[in-house]
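Before anything else, here's the structure in question.
The values are calculated or read from the model by the stated rules, or taken from the named source; none is laboratory data. As the structure is a prediction and not an experimental result, all values here were calculated from the model. Heads up, the Cβs are rebuilt from the backbone with ideal geometry, glycines too, and the neighbour counts pull from every protein chain shown. Surface accessibility is based on the protein's heavy atoms, side chains included, excluding ligands, DNA and RNA. Shrake-Rupley method; radii C 1.70, N 1.55, O 1.52, S 1.80 Å.
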Amino acid sequence: MSASAPGVAPDIASWMREQDGMELLRFITCGSVDDGKSTLIGRLLFDSKQIFDDQLAAVEADSARHGTQGDAVDLALLVDGLSAEREQGITIDVAYRFFNSARRKFIVADTPGHEQYTRNMVTGASTADAAVLLVDARKGVLTQTRRHSYLARLVGIRHLVLAVNKMDLVDHDRQAFDGICADYRLFAEQIGVPDWTAIPLSALTGANVMERSSAMQWYDGPSLLEVLETVPLDTAADAAKPLRLPVQWVNRPSHDFRGFAGQIAAGTLAPGTEVRIAPSGRTTHVARIVTSDGDLDEARAGQSVTITFADEVDCSRGDVIAAASAPPEVADRFEATIVWMAEEDLLPGRGYWLKIGTQTVTATVQRPKYEVNVNTLEQLAAPTLRLNAIGVAEVATDREIVFEPYAAEGASTNKVLGGFILIDKLSNATVACGMLHFALRRAHNIHRQHLEIGRDTHAVIKGQKPAVLWFTGLSGAGKSTIANIVEKKLAERGRHTFLLDGDNVRHGLNRDLGFTEADRIENIRRVGEVARLMADAGLIVLTAFISPFRAERAMVRAMLPEGEFIEIFIDTPLADAEQRDVKGLYAKARAGELKNFTGIDSPYEPPEAPDIRIDTTQMSAEEAAELIVEALLKRR
């Protein structure tokens, strides 16, 4: 390294012990484009002697090609590692860097300033204790200054530093600094930022970064490093809250040891602590806190531990070990703020994976209540959420989850049990992150009613095994025709059936729905729920719907017991289906008179592994129906 790191002792072992004992602060730099975020981090790394000689030599060489400081070293290049970033002089991805001072260790995330990379900024902010918001002293408070302030507040960052940068370019003018502080104060009050610190500095020259500068003698506040060294850590506040330990893994290395591993999200625990397992509600006591170096007498928020119980109680991954006297909430419907991070729009009603803590469930997002304009804080009507949009919507999960509100302030704040991500079930891509506000009251008041006569009894009475025959295919493929013949053949054999046809359902149950992707998803969800209820009654249900999306067909399959959902793909080439066109729909779609028509301007996703595939170019409707009936009656 170019110089010894502060506090390094000749004895490496003692130096490592000293480092282990230091507190760790995670913070982000954010703000508008060209406000100097990367340069500031480069200055912190350079002045804290955290740069290896070969790194410095590489940056000096890159400065000659891509630098913006003339003959001087461009410290921003220490952080902007992507070639696209160096060529454009902007930050695109989140860059993490480590450095330390004599008092603390730091992990800093350099987040992008461009609006199109808002999702990357949210990613960096999600684990931060503090945010350094940079403002160019020449430009003042800009749109992205407000946007990033709002997002930092949204994800629960409680400590914010307003770093008024490039003071050297305004001759260290106090009035310029005071004017920016006055402007920002008005916005901070609007979004509810209660406490923030303003510092005039120059990342380029190092003024007020590591030490106070004589160039601004009118400023008598702390340097940036002094603030970062004294910011209260979130883990200290978390330790004072009720115990929350999401179970990550059940450790069973042998028949005589069963431990429960995870990171403590809040509170403290010790042997003898009474705990409650959520959501089951069972109580027990902690027997041991196990580590590879021996048992601990106490563990607190932020530590990863393995614990054992005094009793044999049921506890598995996804459960939460909590303080017995103050358990978390359990619910399946919520209001939440959602930051949409995918190129494809949110599809209300579609099933996504929701991960919260160590729990993974299926969740659907309803049509947003509103979208937030972060520049004006207006609440705007929105049918969906697009890339980088922030909205408030209701979220429903397929089973109850353990949660706590994700809030910026208050004792109930819990990022681990209040923050979640949504994952597309087909691509496994993360499409959104969100913060739960509260459980909806109706979720607390609605309970499943135990019924004396269950689905098994209904099936025995009818003398058959329930099933849902789900016919899918293009319009004109022959779904309804074949389904009608199948129902006739089953009736001849004394089977109890009911046929749900797409056109008929849209005249009644789903008459309020159109043909947008969101409406199509809701159409299938409702039909799936009805089909499930009919199967519970012991019926063989036949449904004839285009049902163009794999995700929704998988959603209906998941509603039913294993083996009861039979996906029947009526495989008809588009040209053949269009040639039949008995309703004239394809002709209208081709003429632009009918929008969102499957196969023309709306996609159809054919089943990848249907239970039954009918090739209508190879067999008649009668032959197809006979094949389906035989396959159904062979089931055990």
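Would you point out which residue out of ILE568, ILE521 is assigned to a strand (DSSP E or B), on the phi < 0 side of the Ramachandran plot and open to solvent by less than 20 Å² (accessible area, probe 1.4 Å)?
Result of the check over ILE568, ILE521: ILE568.
Conditions: (1) modelled with pLDDT under 90; (2) open to solvent by less than 20 Å² (accessible area, probe 1.4 Å). LEU513 meets all but one. Number of the miss?
(2)
Within the stretch 625-633, is even one residue within 24 Å of ARG493 (Cα to Cα), open to solvent by less than 40 Å² (accessible area, probe 1.4 Å), not in a helix (DSSP H, G or I) and not small (Gly, Ala, Ser)?
No, the stretch 625-633 contains no residue that is within 24 Å of ARG493 (Cα to Cα), open to solvent by less than 40 Å² (accessible area, probe 1.4 Å), not in a helix (DSSP H, G or I) and not small (Gly, Ala, Ser).
Taking the stretch 487-504, which residues are crowded, with 19+ Cβ neighbours inside 10 Å, modelled with pLDDT of 85 or more and either within 38 Å of the chain's Cα centre (by Cα) or among the aromatic types (Phe, Trp, Tyr) (or both)?
Listed by number, the list holds a single entry, LEU500.
Looking at ALA589, ALA577, can you tell me which residue is surrounded by 16 or more Cβ atoms within 10 Å (Cβ to Cβ) and touching a residue at least 24 places away in the same chain (Cβ under 8 Å)?
Every option except ALA577 fails the conditions.
A further question on this structure: Show me the strands (runs of 3 or more DSSP E) entirely contained within the stretch 241-304 in which 3 or more residues are of a type outside the set (Gly, Ala, Ser) and either open to solvent by less than 60 Å² (accessible area, probe 1.4 Å) or touching a Pro at 6+ places or on another chain (Cβ under 7 Å) (or both).
Once the strands (runs of 3 or more DSSP E) in the stretch 241-304 are filtered for at least 3 residues that are of a type outside the set (Gly, Ala, Ser) and either open to solvent by less than 60 Å² (accessible area, probe 1.4 Å) or touching a Pro at 6+ places or on another chain (Cβ under 7 Å) (or both), what remains is 244-246, 257-263, 274-278, 282-290.
Within the stretch 446-464, does at least one residue satisfy the condition of being assigned to a strand (DSSP E or B), modelled with pLDDT of 85 or more and in contact with a strand residue (DSSP E or B) (Cβ under 7 Å, 6 or more places away or on another chain)? Even if it seems obvious, please write down each step before you answer.
Start the filter on the stretch 446-464 by keeping residues that are assigned to a strand (DSSP E or B), which leaves none.
No - not one qualifying residue is present in the stretch 446-464.
From the list LEU385, LEU377, LEU346, pick out the single residue that is over 18 Å from GLY418 (Cα atoms) and touching an Asp or Glu at 6+ places or on another chain (Cβ under 7 Å).
Numbers: LEU377 fails: touching an Asp or Glu at 6+ places or on another chain (Cβ under 7 Å); LEU346 fails: touching an Asp or Glu at 6+ places or on another chain (Cβ under 7 Å).
Result: LEU385 is the single residue among LEU385, LEU377, LEU346 that is over 18 Å from GLY418 (Cα atoms) and touching an Asp or Glu at 6+ places or on another chain (Cβ under 7 Å).
Between THR205, THR145, THR235, which is assigned to a helix (DSSP H, G or I), within 25 Å of LEU45 (Cβ to Cβ) and open to solvent by 20 Å² or more (accessible area, probe 1.4 Å)?
So the residue among THR205, THR145, THR235 that is assigned to a helix (DSSP H, G or I), within 25 Å of LEU45 (Cβ to Cβ) and open to solvent by 20 Å² or more (accessible area, probe 1.4 Å) is THR235.
Kindly provide the set of residues from the stretch 611-626 that are in contact with a strand residue (DSSP E or B) (Cβ under 7 Å, 6 or more places away or on another chain) and of a type outside the set (Lys, Arg), ordered by number.
Passing the criteria: ASP611, ILE612, ILE614, ASP615, THR616, ALA624.
For the stretch 149-164, state whether one or more residues are of a type in the set (Lys, Arg) and closer than 17 Å to MET435 by Cβ.
yes
Are there any pairs with C-beta distances below 8 angstrom linking a residue in the stretch 483-510 that is free of Cβ contacts under 8 Å to residues at least 24 places away in the same chain and under 21 Å from LYS462 (Cβ atoms) to a residue that is buried (at least 16 other Cβ atoms within 10 Å of the Cβ) and among the hydroxyl-bearing types (Ser, Thr, Tyr), with the two at least 6 apart or on different chains, and if so which?
ALA491/THR497
Going residue by residue through the stretch 537-559, is there one that turns out to be open to solvent by less than 30 Å² (accessible area, probe 1.4 Å), touching a strand residue (DSSP E or B) at 6+ places or on another chain (Cβ under 7 Å), of a type in the set (Phe, Trp, Tyr) and at pLDDT 95 or above?
No, the stretch 537-559 contains no residue that is open to solvent by less than 30 Å² (accessible area, probe 1.4 Å), touching a strand residue (DSSP E or B) at 6+ places or on another chain (Cβ under 7 Å), of a type in the set (Phe, Trp, Tyr) and at pLDDT 95 or above.
Give me the pairs: first residue in the stretch 598-620 and under 21 Å from VAL556 (Cα atoms), second residue among the hydroxyl-bearing types (Ser, Thr, Tyr) and open to solvent by less than 30 Å² (accessible area, probe 1.4 Å), beta-carbon distance under 7 Å, and six or more apart or on different chains, which are they?
Sorted first by the residue in the stretch 598-620, then by its partner, the pairs are THR598/SER475; TYR604/THR598; PRO607/THR472.
Name the residue that is farthest from the chain's Cα centre (by Cα), counting only residues in the stretch 84-111 that are at pLDDT below 80 and of a type in the set (Gly, Ala, Ser).
Here the residue is GLY89.
From the list ASN414, ASN375, which one is polar (S, T, N, Q), surrounded by fewer than 20 Cβ atoms within 10 Å (Cβ to Cβ) and modelled with pLDDT under 90?
Within the list ASN414, ASN375, the selection yields ASN375.
Aromatic (Phe, Trp, Tyr) and surrounded by 22 or more Cβ atoms within 10 Å (Cβ to Cβ) - does that describe any residue in the stretch 327-346?
Yes, the stretch 327-346 contains at least one residue that is aromatic (Phe, Trp, Tyr) and surrounded by 22 or more Cβ atoms within 10 Å (Cβ to Cβ).
Among the residues of the stretch 417-445 satisfying the criterion of being in a strand (DSSP E or B) and touching a Phe, Trp or Tyr at 6+ places or on another chain (Cβ under 6 Å), which is modelled with the lowest pLDDT?
Only one residue fits best here, namely ALA439.
Follow-up. List the pairs whose first member sits in the stretch 220-234 and is farther than 16 Å from PHE99 by Cα, whose second member is open to solvent by less than 10 Å² (accessible area, probe 1.4 Å) and in a loop (DSSP other than H, G, I, E, B), and whose Cβ atoms are under 8 Å apart, counting only residues at least 6 apart or on separate chains?
SER223/LEU201; SER223/ASN208; SER223/VAL209
Could you list all residues from the stretch 458-481 that are over 37 Å from the mean Cα position of the chain (by Cα), under 21 Å from PHE565 (Cβ atoms) and polar (S, T, N, Q)?
Across the stretch 458-481, the qualifying residues are GLN464, SER480.
What number goes with the only condition from (1) over 30 Å from ALA389 (Cβ atoms); (2) part of a loop (DSSP other than H, G, I, E, B) that GLY318 does not pass?
(1)
Moving to a separate point now. What's the number of the condition ASP178 fails, among (1) in contact with a strand residue (DSSP E or B) (Cβ under 7 Å, 6 or more places away or on another chain); (2) over 26 Å from GLY302 (Cβ atoms); (3) among the charged types (D, E, K, R)?
Result: ASP178 fails condition (1) only.
Restricting attention to strands (runs of 3 or more DSSP E) lying wholly within the stretch 334-396, give those where 1 or more residues are closer than 20 Å to MET555 by Cβ and under 15 Å from the mean Cα position of the chain (by Cα).
Working: elements: 351-356, 359-365, 370-373, 378-380.
Fully inside the stretch 334-396 and qualifying: 351-356, 359-365.
Filter the stretch 157-195 for residues that are within 37 Å of the chain's Cα centre (by Cα), open to solvent by 30 Å² or more (accessible area, probe 1.4 Å) and without any contact (Cβ under 8 Å) to a residue 60 or more places away in the chain; which is farthest from GLY140 (Cα to Cα)?
ASP195
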